[in-house]
Each structure stands twice: as C-alpha cells, then as structure tokens.
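Peer 1: Quick one: structure below, then a few questions.
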Amino acid sequence: MAACNLSHNELASNLARHLLSGNRMVWEDIPAGKSGSVRPDVYTIEKSYANPNPISYEIKVSLSDFRSDITSAKWKAYLDFSYGVVFAVPKGLVTKKDIPNGCGLITFNGEFWNTVKRPTLHPTTLDSELLLKLLIEGRQRETHPFTPIQRDFNEQNILDGMRRKFGEDLRKKIHFFNDYPKKVAELDSMRNELADILGIDVSDRSWGVDYYIQKQVEQLRLIANETERKAQIAKEVERMRSNLNGNIDRLIEQYTGCSDQ
C-alpha cells in the first residue's frame, strides 16, 4: 500500500525539492521534447558541460496509471532527451521487479525519498531545441530552493508533518487557524452591530455584551411566544363564539319554530 497522501503534483514538487542541489538544475512539467511530445514530471540536468546527465522522472501515484504507462511504453519517449528514466512512486506502490529494464525507481515513505534502483544511462545529444526550451520556458518551471516564511515557529514544516501523518483534510483544517485573527475581528464587528441594533452600550458594558445580547434575544423570544400565544387564544375565543352562536340559533329555532336569520 502506498505510504503517503500527496497528490501527483504535490509529490512531483516534493521530489523536485529533494533533487535540487548546488550542482543540479531541476524543472517540473517542462516541455523538453518536440512540440506535442511527452513532458517529464520532473527533469534534471547536472551543471557539467562534459556530463550533464539529464534524467526524466515520471511520477505515479496509482497502480493503474503505472501499468498503463508501462503497457504503452510512454517512458521510452523520454530517452530522446534524457540519459535515463526513473519512476517516482509512494513506497509500496510497486517494486523494482515491476520496473522496465534500464529504468530506475525512487520511492517516498511520507518523509524521505529512497533510491531503490538506479537507471542505466544512455548518453544522447541535447539538441538546440531542448536548450532553447529550457532557456525560454525553464525560468518559470525551474524549481528553486524552498524558503519558508519567517515566523515564530516553522509553520510550513508543521503543516507538512500534519499532512503526512493525518492527511490533507486535517492539514486544511489546521491551516484555517491562520485566518483566526481575521475571523475574530469579523465576529467582533458583527457583535457590535447587533449590540447597536438592540440598544446595548458597548463602551460601558463591553465585558458583558454577550450576556446582554443573550438576554435581549431571550426577551424577544418571550415576546414572540407571547404574541403567538395571544393569537392562539384569540383563535380559540373566535371558535368558541362561533359555536355558541350556532347553539343559540338552534335553541331559538327549536322553541320558537323560527330562525333569527
């Protein structure tokens, strides 16, 4: 079973940051081949004129997607502009026996990447079209070192840890607290507006605004209940009056033989 809850793009970005180093350049989803050809999820080149060793990494987060890729031999198209191809997957999704001959395998256990199998390198010529694409489009797709926002504590690492341990849904809920001060300010504004409508002096009794609002709401509820009760009484009185008039009419008719109508 796969060992992480990251999406395809999240896993690709995580791998790109892992591969980034002082002597290696990394791109994500770069159109390295000819127009309309396949795009490696992650593409790396070492900063060496003699041995650039361009490698294409194919991210797979589901077994069906992996098998489809192997059946179609899509990965072979990467060899047009790569020395080798590496499949990057969550730990447990596949084993090195499932990997095509010559390809590599790197797995992610939720925290760290582990190279299970290295690819067989097949040097190829990097044509001018590829180099132009890396030069023109590469700026936007190149991976840069991750720089967390400076806070009192490393919030990004904590959120990533929560996501790895408990899943993306809980991470989003934890992230909600980033907006907590703003939400509190909005609630205070709404409370002040309500206090103004109910005629409560916030400046004199701000410490008890919630209490007085609650009392006012209870009073309004009592008034509403009383109004409803009076309406029910009036309806019942009208019903009784109608019944009484009917009974009187029947008595008059019984003893006088005529009706008042």
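Peer 1: Scan segment 58-69 and give yes if some residue there is free of Cβ contacts under 8 Å to residues at least 60 places away in the same chain, buried (at least 21 other Cβ atoms within 10 Å of the Cβ) and not in a loop (DSSP other than H, G, I, E, B), otherwise no.
Peer 2: Within segment 58-69, one or more residues are free of Cβ contacts under 8 Å to residues at least 60 places away in the same chain, buried (at least 21 other Cβ atoms within 10 Å of the Cβ) and not in a loop (DSSP other than H, G, I, E, B).
Peer 1: Where residues in segment 92-113 are surrounded by fewer than 18 Cβ atoms within 10 Å (Cβ to Cβ) and under 25 Å from the mean Cα position of the chain (by Cα), which of them is nearest to VAL42 (Cα to Cα)?
Peer 2: This residue is TRP113.
Peer 1: Now for a separate question. Pull up segment 121-139, narrow it to residues that are closer than 19 Å to ASP41 by Cα and in a loop (DSSP other than H, G, I, E, B), then point me to the one that is modelled with the lowest pLDDT.
Peer 2: In this case the residue turns out to be GLU137.
Peer 1: Quickly run through segment 5-61 and pick out the residues that are over 25 Å from the mean Cα position of the chain (by Cα) and among the small types (Gly, Ala, Ser).
Peer 2: Across segment 5-61, the qualifying residues are SER21, GLY22, ALA32, GLY33, SER35, GLY36, SER37, SER48, ALA50, SER56.
Peer 1: Which of (1) assigned to a helix (DSSP H, G or I); (2) within 22 Å of LEU11 (Cβ to Cβ) does LEU79 not meet, given it meets every other one?
Peer 2: (2)
Peer 1: So which residues in segment 1-22 are modelled with pLDDT under 85 and not aliphatic (A, V, I, L, M), if there are any at all? Reasoning before the result, please.
Peer 2: Filtering segment 1-22 down to residues modelled with pLDDT under 85 leaves 1-6, 21-22.
Answer for segment 1-22, where residues must be modelled with pLDDT under 85 and not aliphatic (A, V, I, L, M): CYS4, ASN5, SER21, GLY22.
Peer 1: A further question on this structure: Given (1) exposed (fewer than 13 other Cβ atoms within 10 Å of the Cβ); (2) under 22 Å from SER37 (Cβ atoms); (3) not acidic (Asp, Glu), where does ASN51 come up short, assuming only one miss?
Peer 2: (2)
Peer 1: Still on this structure, I have one more. Using beta carbons and a limit of 7 Å, which pairs, at least six apart or on different chains, have the first residue in segment 11-23 and in a helix (DSSP H, G or I) and the second one at pLDDT below 90 and of a type in the set (A, V, I, L, M)?
Peer 2: Close Cβ pairs satisfying both conditions: ASN14/LEU6; ALA16/VAL26; LEU19/VAL26.
The values are calculated or read from the model by the stated rules, or taken from the named source; none is laboratory data. Since the structure is predicted, the reported quantities are computational estimates derived from the model, not experimental observations. Reconstructed Cβ throughout: ideal geometry from the backbone, glycine too, with neighbour counts over all protein chains shown.
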